[in-house]
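Below is one structure, written out as structure tokens; comments come after it.
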Amino acid sequence: MICTLSPLAVDEPTQAIERIEVRICDLFGFYLIETNEGFDFTRNKAEAKVFDYHEENVVDLVTQAARQLGVQWCLDPVDEGLRYERCDVCKGRWALSEVFYTKGAFLCEGCCPEE
């Protein structure tokens, strides 16, 4: 059985859909990772590729893998608390793409030293 999240119901086409981040894993606990050669699996959850559930049509990807490869994959939602990092200086919470690791500290753009 393939584990999937049910799509969000949207009343109007103009309504914004919340971003839902998921990881794909197999039934043995291995997570899908992206490599230079394509895709592979790892036990390390931190290395797993994070997919945007709606933007990347994850349900179609999982269904296609089941049909073409005969594999069963599950979706593992990313905990919302793990999507952010705390700046060590201002203590603000920032998206991972907005935080830099410099000299042993996580810093937001505003707290990074000028170069």
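Just so you know, all these numbers are worked out from the coordinates, no wet-lab data involved. Only a predicted model underlies this, so the values are computations on that prediction, with no experimental measurement involved.
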Check your understanding: Given the Cα-Cα distance of V78 and E109 and 0.36 nm per residue of separation, how much length would full extension add, in nm?
Key -> 8.7 nm
Check your understanding: Counting only residues 5 or more places away or on other chains, whose amide H sits under 5 Å from the amide H of V78 once H atoms are built in the peptide plane?
Key -> E21, V22, R23
Point to revise | Net lengthening on full extension, E37/R67 (0.36 nm per residue, minus Cα-Cα) | key: 8.5 nm
Study note, to complete from the structure: Residues whose built amide H sits under 5 Å from the amide H of H54, excluding neighbours closer than 5 in sequence, are I20
